[in-house]
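One structure is given here, and the rest of the page talks about it.
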Amino acid sequence: MTEQMTSQFPQALSIAGSDSGGGAGMQADLKTIQERHVFATTVLVAITAQNTLGVQDFMALPTKIIDEQFVSLDADLAIKACKTGMLADTIRVHNVVENLTRYDFGPLTVDPVMIAKGGAPLLAEDAIATVKKELIPLATIVTPNLPEAEALTGLTIKNDADMQRAGQQLQAMGAKNVMVKGGHEADPTTASDFVLLENGRSFWLRSPRFDTHNTHGTGDTLSACITAELAKGSDIETAIRTGKAYVSATIAQGIKVGHGHGPLNHWA
Ligand code: PLP
């Protein structure tokens, strides 16, 4: 019998919404986790009818079936790290928080998904308070983009100093580690992310900005890669650096799918 058959293979969990178009959400998580050689499991919270042109409709699932997915996973699997993506509304944020408190699925990456690139809301506005109060304090790492960091902190982020301030505020809310992603900045040449670690160390991660429309699912892909690396036992800084390198490669090597904001290349 191979070693693979005698000890549990690394397993990670995505708690998120489905993107029928395959580029973002749970589908991006699954593709990413698979590419990182980790076994992917899922708790589906919402379903979107979506393609590369936008989100046409969505439906959140009843909390009973969300609960039951957690029960099933806990009864059998050995999940070593998990992440949250689209959580839809206050009821589901609260429900997911309750389940995360009930079970030990390892370090938690919170991608505070709010609005899709085309403008469709993926989280009700009145749920932001529950994300701040209940979900962020459970986070091993939180990975907001600039609009999400602004919504969570109330700051207007215009420069590097503002990004650092947002990072500190998010850590003060209870997230152990914070990555504020600068992909939405005005800078035409560089995408800069600010990282603040639990041990007080902070640093910038910079990558060239690519001239491309294939950026659908970048936040999901980054947070799923961090989650997969944590499931394999990486320390947080290595997981973050691997996530940044992976998402940059998936953007740089984009593929032609659909007619709008195309997906990333998860084989990169
Ligand atoms: N759809 C779902 C279900 C998502 O979870 C996300 C992002 O997390 C998106 C769409 C948005 O993707 P993007 O803003 O990268 O286009």
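Read the figures in this text as sums done on the coordinates, not as results from a lab. Note that the coordinates shown come from a computational prediction; the quantities given were computed from them, not determined experimentally. Counting neighbours? That spans all protein chains shown, and the Cβs are built from the backbone with ideal geometry, glycine included.
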- Note down the nm distance, to one decimal, between modelled labels 7 Å out along Cα→Cβ at Thr63 and at Phe9. 3.5
- Item | 14 Å beta-carbon shell around Thr212, net charge (K/R +1, D/E -1) | +2
- Message: Neighbour counts of other C-beta atoms within 10 Å: give me Thr48, Thr153, Thr242, Thr6 arranged from fewest to most.
- Response: Thr6, Thr242, Thr153, Thr48
- Query: Would you list Ile236, Ile15, Ile91 from fewest to most Cβ contacts within 10 Å?
  - Reply: Ile91, Ile236, Ile15
- Item | Contour excess over end-to-end distance, with Cα ends at Val71 and Phe210 and 0.36 nm allotted per residue | 45.8 nm
- Extension gain from Ala249 to Glu237, taking 0.36 nm per residue of separation minus the Cα-Cα distance: 2.5 nm
- P(r) of segment 191-253 in 10 Å steps, Cα pairs, percent per bin? 21, 52, 24, 3
- Which entries in Lys80/Lys256; Lys158/Lys244; Lys83/Lys133; Lys80/Lys158; Lys31/Lys244 show an alpha-carbon gap greater than 27 Å? Lys80/Lys256; Lys80/Lys158
- The base-10 log of I(q)/I(0) that the Debye equation returns for segment 134-190 at q = 0.16, 0.18, 0.19, 0.25 Å⁻¹, one scatterer per C-alpha, is -0.43, -0.53, -0.59, -0.95
- In which sequence would Ile65, Ile136 go, from the one with the fewest C-beta neighbours within 10 Å to the one with the most? Ile65, Ile136
- Message: List the residues, sorted by chain then number, that are 5 or more residues from Leu13 or on another chain and whose placed amide H is less than 5 Å from its amide H.
- Response: Thr41, Ala81, Cys82, Lys83
- Task: Output the relative contact order of segment 160-268, whole-number percent, from Cα pairs under 8 angstrom with separation of 6+ residues.
- Result: 19
- Task: Quick one: divide the alpha-carbon radius of gyration of segment 36-120 by 2.2 N^0.38 Å and tell me what you get.
- Result: 1.16
- Item | Spin-label pair Phe203/Lys256, simplified geometry with 7 Å Cα→Cβ offset, distance in nm | 3.9
- Listed residues Val131, Val178, Val71; largest mean-square fluctuation, Gaussian network over the chain with Cα springs below 10 Å, found at Val71
- What do you get when you divide the Cα radius of gyration of segment 126-240 by 2.2 N^0.38 Å, with N the number of residues? 1.03
- Task: Would you list the P(r) distribution for the chain, with all Cα-Cα distances sorted into 5 Å bins from 0 and each bin expressed as a whole %?
- Result: 1, 6, 14, 18, 21, 18, 13, 6, 2, 1, 0, 0
- Query: Which of the peptides 109-121, 200-212 is most tightly packed, and how do the rest follow, going by the mean number of other Cβ atoms within 10 Å of each residue?
  - Reply: 109-121, 200-212
- Task: Provide the per-residue ³J(HN,Hα) series for segment 93-104, in order, calculated from phi with Karplus coefficients 6.51, -1.76, 1.60 and θ = phi - 60°, each as a whole number of Hz, with x at glycine and proline positions.
- Result: 4, 4, 4, 5, 4, 4, 5, 5, 6, 6, 10, 9
